[in-house]
1. Tally the residues that are modelled with pLDDT under 85 and open to solvent by 90 Å² or more (accessible area, probe 1.4 Å), restricting the search to the stretch 192-219.
2. Kindly evaluate residue 135 against the criterion of being of a type outside the set (Val, Ile, Thr) and in a loop (DSSP other than H, G, I, E, B).
3. Tell me which of these residue 83 doesn't satisfy, since it passes every other one: (1) modelled with pLDDT of 90 or more; (2) of a type in the set (Ser, Thr, Tyr); (3) over 12 Å from the mean Cα position of the chain (by Cα); (4) more than 30 Å from residue 297 (Cβ to Cβ).
4. Exactly one condition in (1) open to solvent by 60 Å² or more (accessible area, probe 1.4 Å); (2) at pLDDT 85 or above is false for residue 246; which is it?
5. Can residue 283 be described as out of contact with any Leu (no Cβ under 7 Å at 6 or more places or on another chain), within 18 Å of residue 53 (Cα to Cα), modelled with pLDDT of 90 or more and of a type in the set (D, E, K, R)?
6. If you scan the stretch 177-191, which residues turn out to be over 29 Å from the mean Cα position of the chain (by Cα) and surrounded by 18 or more Cβ atoms within 10 Å (Cβ to Cβ)?
7. Which of the residues that make up the stretch 105-134 are open to solvent by 40 Å² or more (accessible area, probe 1.4 Å) and of a type outside the set (Lys, Arg)?
8. What number goes with the only condition from (1) surrounded by fewer than 18 Cβ atoms within 10 Å (Cβ to Cβ); (2) at pLDDT 85 or above; (3) small (Gly, Ala, Ser) that residue 272 does not pass?
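The values are calculated or read from the model by the stated rules, or taken from the named source; none is laboratory data. Everything quoted here is computed from the prediction, not taken from an experiment. Counting neighbours? That spans all protein chains shown, and the Cβs are built from the backbone with ideal geometry, glycine included. These accessible areas exclude ligands, DNA and RNA; they are computed on the full protein's heavy atoms, side chains included. Shrake-Rupley method; radii C 1.70, N 1.55, O 1.52, S 1.80 Å.
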Amino acid sequence: MADTATTSASAHAPAPAPVSASAPGTATAAGTAPPVPQVLDAPQAPDTRVPTVIADDVHVIYKVHGTGGRKGGATAALSRIFSRRPAPGIREVHAVRGVSFTAYKGEAIGLIGSNGSGKSTLLSAIAGLQPVARGRIFSHGQPSLLGVNAALMNDLTGERNVVLGGLAMGMTKQRIRERYQDIVDFSGINEKDDFISLPMRTYSSGMGARLRFSIAAAKDHDVLMIDEALATGDAAFQRRSQARIEELREQAGTVFLVSHGIRTVRETCDRAIWLESGVLRMDGPSEEVCAAYEEFTRAR
């Protein structure tokens, strides 16, 4: 009986709605709501930029000898010698703490931060002059570091230092002869007198720094790092330096500029990296990073 009732009820039940082979996104059965169509993200264009420097979790730790809370005068030193007391201890300075970034060809990157924040130490590590305690640094070509204290021979004339500096950068003697007058004119040290024929010990600090920058700028670099050199010249020299940096960028080079002059970074660089106490605080467009750093300094 139960089977009969079930059969009878099934016979009088409405027939199921026909199912059609509809296109995706349309109703598949009568009376059902169409599904929400899926929107696929457009494929992203590949990144065609060429990396020149990659810093991967870089830590720089250096040791300072002769620190231990004792006075460092000559009397104290003699006292330790005669009493045979041990020398003061060694202090470790963690100058750069886990910095990571990638620099690309054609970029001018300003490094900003308070005094002692690790900017110059980071450039030295990129140039291979400062060993890295942890992390890795990869570079395309040989990075060239130009600093105000870059070593030139003070007892030699400016002319001889131009030749030696060019040879040290790998330029041929023929190339140095071709660029010599441009280097001298760019530095501007002969504008008032024939200083290029005098020993460099007679130069002011600004004149020496301008000549160093002029020598370094005479060669096209894959990566050129400038440490405060632009802060030593007058307005005309700074304009020439900024124009030369633009030329280096157009020739697919990368320029790093360490400067306390925020205006110089804004005018010269399209990207800025802010270091504070060895930590990377911000990395982005120079205008945004400089504005955040200025707000930070005002609040201190």
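1. Final tally of qualifying residues: 3.
2. no
3. If we test residue 83 against (1) modelled with pLDDT of 90 or more; (2) of a type in the set (Ser, Thr, Tyr); (3) over 12 Å from the mean Cα position of the chain (by Cα); (4) more than 30 Å from residue 297 (Cβ to Cβ), just (1) comes out false.
4. With respect to (1) open to solvent by 60 Å² or more (accessible area, probe 1.4 Å); (2) at pLDDT 85 or above, residue 246 is out only on (2).
5. In short, yes.
6. 189
7. 115, 116, 120, 128, 129, 130, 131, 132, 133 - these are the residues of the stretch 105-134 that are open to solvent by 40 Å² or more (accessible area, probe 1.4 Å) and of a type outside the set (Lys, Arg).
8. Of the numbered conditions (1) surrounded by fewer than 18 Cβ atoms within 10 Å (Cβ to Cβ); (2) at pLDDT 85 or above; (3) small (Gly, Ala, Ser), the odd one out for residue 272 is (1).
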